[in-house]
Amino acid sequence: RKYNLGVIIDLHAAPGSQNPFEHSSSKDGSQDWGTTDTNIAQTVQVVDFLASRYAKSPSLLAVELMNEPLAPGVSLESLKTYYRDGYNAVRKHSSDAYVIMSNRLSSPDPTEFLGLAGGLPGSVIDVHYYALFNNMFDTFTVQQNIDFIKTNYSSDLSIVTRENGPLTFVGNCNYSLLVLESPFFGTLIKIYHVTCFP
């Protein structure tokens, strides 16, 4: 409150794990979220609890329903069902917090949630870009990185950012420290500025 910061509650670890990575509660590489109605319902209960607990805080900006569900392990239909139910759980407690829906990692269609989110006021689509883990960037100069971002990521964002559609949020954008200490970082800010919350 002192610094007037907005807080995003981001559910990183769903029951059963929405991806096989350690940051989503998987200890053994398993991915079982969405395979049963039970773990979907448990996840909605967690979101309901978090929304009820923090809805009255003036710092609450948004609730992200799930971080990085991985396709094809998390099916589109189970995630759409969860996103509708999770959205309703947040709206039970807050009419003005944004509700963020993460695109599925490895999905061939970055627009798969635009229809759903477009019909739910205050919804936001979260996209992630991971250049840090792509060897292609190892040999790029700073200028080549800038050119790649301008050409590719701004084009990617234009696909999911629609007039009168849901907001778009770049929740993760990972680059090496060497690149972030260069003029490249300013280019990222300029391109991703369109994805900032009002």
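The values are calculated or read from the model by the stated rules, or taken from the named source; none is laboratory data. Quick caveat: nothing in here was measured; it's all calculated off a predicted structure. Positions of Cβ are backbone-derived with ideal geometry, glycine not excepted, and every protein chain shown enters the neighbour counts. These area figures cover heavy atoms from the full protein model, side chains too; ligands, DNA and RNA do not enter into them. Shrake-Rupley method; radii C 1.70, N 1.55, O 1.52, S 1.80 Å.
Observations on the structure shown:
- Considering residues of segment 160-173 that are of a type in the set (S, T, N, Q) and surrounded by 13 or more Cβ atoms within 10 Å (Cβ to Cβ) only, the residue modelled with the lowest pLDDT: Asn172
- Of all residues in segment 73-102 being among the aromatic types (Phe, Trp, Tyr) and closer than 12 Å to Ala117 by Cα, the one that is least open to solvent (accessible area, probe 1.4 Å): Tyr83
- Taking (1) crowded, with 16+ Cβ neighbours inside 10 Å; (2) at positive phi; (3) not acidic (Asp, Glu) in turn, Leu70 satisfies each apart from (2).
- Test result for Leu60, more than 16 Å from Leu11 (Cα to Cα), open to solvent by less than 60 Å² (accessible area, probe 1.4 Å), under 17 Å from the mean Cα position of the chain (by Cα) and of a type in the set (A, V, I, L, M): no
- Looking across segment 2-51 at every residue that is surrounded by fewer than 14 Cβ atoms within 10 Å (Cβ to Cβ) and among the hydroxyl-bearing types (Ser, Thr, Tyr), the one that is modelled with the highest pLDDT is identified as Thr38.
- Subset tally (residues that are over 20 Å from Leu65 (Cβ atoms) and either hydroxyl-bearing (Ser, Thr, Tyr) or part of a loop (DSSP other than H, G, I, E, B) (or both)) for segment 130-161: 13
- Within this structure, Gly115 fails the test of being part of a helix (DSSP H, G or I) and touching a residue at least 12 places away in the same chain (Cβ under 8 Å).
- Some residue of segment 96-106 being more than 23 Å from Ser59 (Cα to Cα) and touching a residue at least 40 places away in the same chain (Cβ under 8 Å): yes
- Top-ranked residue of segment 1-48 - restricted to ones that are part of a strand (DSSP E or B) and aliphatic (A, V, I, L, M), ranked as farthest from Met101 (Cα to Cα): Val7
- Residue pairs meeting the criteria (Cβ under 7 Å; at least 6 apart or on separate chains; first closer than 22 Å to Asp109 by Cβ and of a type in the set (Ser, Thr, Tyr), in segment 137-158; second modelled with pLDDT under 80 and not in a helix (DSSP H, G or I)): Tyr153/Tyr129
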